[in-house]
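Shown next, in structure tokens, is the structure this report addresses.
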Amino acid sequence: MTTTRKTKPAAKAKPAAKKPAAKRAKSPEPRKELIVGQAAEASAKRSMSRDPIQKSEINVIRRTLSEQRQQILDAMRRAQSVETEAEVGDEADQAGLSIERELQFELSDNERMTLDQIEGALRKIEKGTYGLCELCRRPVERLRLKALPFARYCIGCQNNSERATATLP
């Protein structure tokens with residue numbers, strides 16, 4: 001009689017034994033000193049961004065606004081010179097020119113609005129009221145002024161204004 005020998009399946013790797021809860025390594029909890037320090041730093045940043053803007057910063061912004069104004073004026077002059085070119089061609093060419101003129105009109109309308117905002121900001125610099133929100137009269141955040149030098153409102157008032165317009169029918 002022959003005996004068949006059963007082979008054992010290949011030994012599986014045993015999972016590592018779990019450590020008891022008391023011996024497990026805990027992730028370090030943030031130290032309270034760091035949290036307090038970070039909160040103080042964030043508060044300082046917020047208050048610094050609300051401080052009135054310095055004269056040296058205003059001079060840099062004045063130059064930036066003047067450059068932007070000049071660029072817009074140059075673009076508007078170039079667009080006017082293109083408009084004065086004589087219309088020639090067939091009906092399809094004239095239709096294409098008409099569409100281009102309409103697009104140019106839209107662009108020039110946006111440029112005019114931006115130009116008005118830039119000139120308003122330059123007038124505020126001359127008056128000494130630049131950097132103050134037109135609604136709450138608090139300083140506009142420095143980062144906002146650096147990103148959008150002709151900003152008229154602080155972020156809070158701008159958000160409230162946009163929410164109010166969004167709810168109108």
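Can you say whether residue 162 is part of a helix (DSSP H, G or I), of a type in the set (D, E, K, R), loosely packed, with under 15 Cβ neighbours inside 10 Å and in contact with a helix residue (DSSP H, G or I) (Cβ under 8 Å, 6 or more places away or on another chain), as far as the supplied structure shows? Please lay out each step first, then the result.
Values: part of a helix (DSSP H, G or I): yes; of a type in the set (D, E, K, R): yes; loosely packed, with under 15 Cβ neighbours inside 10 Å: yes; in contact with a helix residue (DSSP H, G or I) (Cβ under 8 Å, 6 or more places away or on another chain): no.
Answer is no for this residue.
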Check: Does segment 127-135 contain any residue that is in a helix (DSSP H, G or I) and at pLDDT 80 or above?
Finding: yes
Checklist line | Which listed residue is in contact with a Lys or Arg (Cβ under 9 Å, 6 or more places away or on another chain), loosely packed, with under 11 Cβ neighbours inside 10 Å and either over 26 Å from residue 149 (Cβ atoms) or at pLDDT 70 or above (or both), from 55, 18, 26 | finding: 18
Next item on the list: Inspect all residues belonging to segment 84-91 and state whether any of them is part of a helix (DSSP H, G or I), more than 17 Å from the chain's Cα centre (by Cα) and at pLDDT 90 or above.
Entry: no
Notebook entry, point to check: Does residue 134 satisfy being free of Cβ contacts under 8 Å to residues at least 24 places away in the same chain and surrounded by fewer than 14 Cβ atoms within 10 Å (Cβ to Cβ)?
Noted result: no
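The values are calculated or read from the model by the stated rules, or taken from the named source; none is laboratory data. Keep in mind that this is a model prediction, so the values were computed, not measured. Because the Cβ atoms are built from the backbone with ideal geometry, glycine has one as well, and the counts that use them run over all protein chains shown.
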